[in-house]
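Trainee: Quick one: the structure is below, and I'll ask about it shortly.
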Number of protein chains: 2
Amino acid sequence: MALENGDKAKDESSPVAAVAAAMMKDWTLFMLRLACFLATASATIVMALNKEKKTLVVATIGTSPVTATLTAKFQYDPAFVFFVVANGLASLHNLLMIALDIFKHKLSDKGLCLVIIPIFDMLIVALAAAGDGAATFMAELGKNGNSHARWNKICDKFGTYCERGEGALIASFIGLILLLVITVLSILKLHAKPKLTTTHTSSVIP
Amino acid sequence: MALENGDKAKDESSPVAAVAAAMMKDWTLFMLRLACFLATASATIVMALNKEKKTLVVATIGTSPVTATLTAKFQYDPAFVFFVVANGLASLHNLLMIALDIFKHKLSDKGLCLVIIPIFDMLIVALAAAGDGAATFMAELGKNGNSHARWNKICDKFGTYCERGEGALIASFIGLILLLVITVLSILKLHAKPKLTTTHTSSVIP
């Protein structure tokens, strides 16, 4: 009888502990998603607004200088356009996941949600990583140039444009690292989902 | 008694069916991994061996032309070096996963394996996507140039180099798509792992 009571107490306390632990984990995941959203959204906005105009003296006729106004815009480079699209979609994904987290108690199929989230997280990781890879190496080219291909650096002329681009890249990399952590947690959550226990009790009472 | 026998028959047949289904899935996963390894390894090798020498006439002194030999190598571009490293690591990862699949019956903790595989798959997806993103936009620059940054195209001079690079990129993208499919399957496998703990308790009270 004592054993029976002990078992009952264990049965009652463990779901409470499990729910508390799950809530703690959900809270961590929520904060990570929010931080990730802020990082990717900042990266998108900073890069999308990145523009610098520069007036350079290109020649001198007599004593009067001939100037030309050059503009550096993110739209001029396909890699930066892709970076903005990738980070924008990553922000949107995080926002949707936050909304899903808030309204998940209204969902009927929580199991499906549990498996779809890491899959979408992983696809967004791929997209964000591709955007970051493309923009990083294009930024590196803008900063250092490539003597073999005779591509001159442009950061000596457009300093502010390059600094803002660097800021967007740093924010995006923070977002990518957070997204990687979130995806690992989503996979671990799927692994640790509550296990069903089916008990068959056959009592033969003559 | 009839019910008991029926239950027993169900209990015996379902694990067999589950094992057969798992073997079919494992076989699909094995073939996908092999195809992914071949794609990423081809991409690595084709890009790593990509080199083209070209002798161009740069000037004419009197009647004798002055020639210069120019070389295009993947090492000259950091994005292509990263592409080779990323695809090389993706190939190595797939090879290790194939080896793990062959020797998994010797492992003591299969559950740990089940959760670690999708995590590593996802990290490799991020790496391969970053490599592909970087190389694709650098290749696009080599093909079309960028008039705003005054970066001239180089594919008009190094046609073979660009064609081989394109081949490596296509192989790498096939590898990335296969890796995405594999990661989705790894996550689904984790979701579908046997969870039921069946306890049969028979209490015979006379």
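All of the numbers you see were taken from the coordinates with simple rules; none came from a lab. Predicted model, so just to flag it, every value in this text is computed and none were measured. In this analysis, Cβ positions are derived from the backbone assuming ideal geometry, glycine residues included, and neighbour counts consider all displayed protein chains.
Trainee: Classify the stretch A:26-192 as rounded, prolate or oblate from the Cα gyration tensor: take a ≥ b ≥ c as the square roots of its eigenvalues, call it rounded if a/c is under 1.5, otherwise prolate when a/b beats b/c and oblate if not. All intermediate terms of the calculation are to be shown ahead of the outcome.
Mentor: Values: a/c = 3.98, a/b = 2.90, b/c = 1.37.
Prolate, because a/c is 1.5 or more and a/b exceeds b/c.
Trainee: Can you list, shortest first in nanometers, how far B:ILE61 lies from the same residue in the other copies, with each label 7 Å from Cα toward Cβ?
Mentor: 3.8
Trainee: Would you mind computing, in nm to one decimal, how far apart the modelled labels at A:ASP109 and A:LEU56 are, each placed 7 Å from Cα along Cα→Cβ?
Mentor: 5.8 nm
Trainee: Dipole of the stretch A:26-192, Cα-centred, from +1 at each Lys and Arg C-beta and -1 at each Asp and Glu C-beta, to the nearest 20 debye?
Mentor: Details: 14 positive and 11 negative charges, 61 e Å.
It works out to roughly 300 debye.
Trainee: Each residue of the stretch A:117-129 in order: what ³J(HN,Hα) in whole Hz does its phi give by Karplus 6.51 cos²θ - 1.76 cosθ + 1.60, θ = phi - 60°, with x for Gly and Pro?
Mentor: Values per residue, Gly and Pro as x: 4, x, 5, 5, 4, 5, 5, 6, 4, 4, 5, 5, 5 Hz.
Trainee: To continue, here is another question. For the stretch A:178-185, in order, what is each residue's ³J(HN,Hα) by Karplus, 6.51 cos²θ - 1.76 cosθ + 1.60 with θ = phi - 60°, in whole Hz (x at glycine and Pro)?
Mentor: For the stretch A:178-185, the Karplus-derived couplings read 4, 5, 5, 4, 4, 5, 4, 5 Hz, x marking Gly and Pro.
Trainee: Shifting gears a bit: Mind checking the mean number of beta-carbon atoms from other chains within 10 Å of the Cβ atoms in A:55-66?
Mentor: Values: counts 0, 0, 0, 0, 0, 0, 0, 0, 0, 0, 0, 0.
What the average comes to for A:55-66 is 0.
Trainee: If each residue's Cβ is checked for other Cβ atoms within 10 Å, how do B:ARG150, B:ARG164, A:ARG33 rank with the fewest at the top?
Mentor: Values: B:ARG150 12, B:ARG164 19, A:ARG33 23.
Taking fewest neighbouring Cβ atoms as first place, the list is B:ARG150, B:ARG164, A:ARG33.
Trainee: Another question about this same structure. Would you be so kind as to identify which of B:ILE154, B:THR183, B:LEU107 lies farthest towards the positive end of the dipole of the stretch B:100-200, taking Lys and Arg as +1 and Asp and Glu as -1 on Cβ and the Cα centre as origin?
Mentor: B:LEU107
Trainee: Using R₀ = 45 Å, calculate the FRET efficiency as 1/(1 + (r/R₀)^6) where r is the Cβ-Cβ separation of A:GLU166 and A:LEU188; round to 0.05.
Mentor: Values: r = 33 Å, r/R0 = 0.74.
The computed FRET efficiency comes out at 0.85.
Trainee: Hey, if you put +1 on the Cβ of every Lys and Arg and -1 on every Asp and Glu Cβ in the stretch A:65-184, which of A:THR67, A:VAL85, A:ILE174 ends up farthest toward the positive end of that dipole?
Mentor: A:THR67
Trainee: Relative to the other copies, what are the label-point distances for B:ASP109, with labels 7 Å from Cα along the C-beta vector, expressed in nm at one decimal and sorted shortest first?
Mentor: Taking the point 7 Å beyond Cα along Cα→Cβ, the inter-copy spacings are 3.3 nm.
Trainee: Past 24 Å, Cα to Cα: identify those pairs from A:LYS73/B:LYS53; B:LYS54/B:LYS143; A:LYS106/B:LYS110; A:LYS73/B:LYS143, in the order given. Walk me through the numbers before you get to the answer.
Mentor: Working: A:LYS73/B:LYS53 35 Å; B:LYS54/B:LYS143 17 Å; A:LYS106/B:LYS110 35 Å; A:LYS73/B:LYS143 21 Å.
Violating the 24 Å limit, Cα to Cα: A:LYS73/B:LYS53; A:LYS106/B:LYS110.
Trainee: Averaged across B:150-157, how many Cβ atoms of other chains sit within 10 Å of each residue's Cβ atom?
Mentor: Working: counts 5, 10, 3, 1, 5, 0, 0, 1.
Mean shielding count: 3.
Trainee: Ordered by residue, what ³J(HN,Hα) values in Hz, to whole numbers, does the stretch A:159-167 give under the Karplus form 6.51 cos²θ - 1.76 cosθ + 1.60, where θ = phi - 60° and Gly and Pro are x?
Mentor: x, 5, 4, 5, 5, 5, x, 4, x
Trainee: Let me ask something else about it. Averaged over its residues, how many other protein chain Cβ atoms are within 10 Å of peptide A:70-77's Cβ atoms?
Mentor: Values: counts 2, 1, 2, 1, 0, 1, 4, 7.
Rounded to a whole number, the mean comes out at 2.
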